[in-house]
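Notes follow the structure.
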Amino acid sequence: MSAKIPRNFRLLEELEKGEKGLGAEACSYGLEDGDDLLMTNWNGTILGPPHSVHENRIYSLKIHCGESYPDVPPIVTFVSKINLPGVDQRDGKVDNTKLPCLSQWKRDFTMETILIEIRRYMALPQHKKLPQPPEGSTYT
């Protein structure tokens, strides 16, 4: 069994990867506040998948990595309004039971894993044609 990487080392790795844009081109993420030493609150963006109602849209998300991250998944909330199963229509919170990478969370998953999976989820045949709120609308 490999040694557990402490939370802050793990988050520093993710921060570096996110800031350098080394991840998937359609997703990005970074710290909400550069002075947040605990690296708790992050912003993420997902470029809407092509050939779907989301094409050419940019979705903003908030990612909250609690004290137990990466042992437990972060709390993911859409800032941009989206009509997608598993996303609460009142506040944009992603239901961890609906997204496989969150419901079957593994310690080696990252914020990038989540953003890529949400993007894939948006592109599923049963989701890609769902009517969407006006572009630019946000949860308050």
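The values are calculated or read from the model by the stated rules, or taken from the named source; none is laboratory data. Since the model is a prediction, treat every value here as computed from it, not as a measurement. Methodologically, a virtual Cβ is constructed for each residue, glycine included, from the backbone with ideal geometry; neighbour enumeration extends over all protein chains shown.
Looking at PRO6, PRO70, PRO100, can you tell me which residue is farther than 22 Å from GLN126 by Cα and under 15 Å from the mean Cα position of the chain (by Cα)?
PRO70
Take THR77 and decide whether it is over 14 Å from THR110 (Cα atoms), touching a strand residue (DSSP E or B) at 6+ places or on another chain (Cβ under 7 Å) and buried (at least 18 other Cβ atoms within 10 Å of the Cβ). First the steps, then the outcome.
Values: over 14 Å from THR110 (Cα atoms): yes; touching a strand residue (DSSP E or B) at 6+ places or on another chain (Cβ under 7 Å): yes; buried (at least 18 other Cβ atoms within 10 Å of the Cβ): yes.
Here the answer is yes, as THR77 does meet what is asked.
I'm checking my understanding of the structure. Among residues of the stretch 91-140 that are of a type in the set (Val, Ile, Thr) and surrounded by fewer than 17 Cβ atoms within 10 Å (Cβ to Cβ), which one is modelled with the highest pLDDT?
THR138
I'd like the full set of residues that are touching a residue at least 60 places away in the same chain (Cβ under 8 Å) and of a type in the set (Ser, Thr, Tyr), limited to the stretch 70-101.
As a first pass, look at the stretch 70-101 and keep what is touching a residue at least 60 places away in the same chain (Cβ under 8 Å): 70, 77-79.
Hit for the stretch 70-101 is THR77, nothing else.
Filter the stretch 78-115 down to the residues that are closer than 22 Å to SER68 by Cα and not in a loop (DSSP other than H, G, I, E, B) and list them by number.
Selection gives PHE78, LYS93, VAL94, PRO100, CYS101, LEU102, SER103, MET111, GLU112, THR113, ILE114, LEU115.
Go through the stretch 115-124 and count every residue that is under 15 Å from GLY44 (Cα atoms) and without any contact (Cβ under 8 Å) to a residue 60 or more places away in the chain.
1
Mind checking which residues of the stretch 116-140 are in a helix (DSSP H, G or I) and not hydrophobic (A, V, I, L, M, F, W, C)? Please lay out each step first, then the result.
So in the stretch 116-140, the residues in a helix (DSSP H, G or I) come out as 116-122.
GLU117, ARG119, ARG120, TYR121, listed by residue number.
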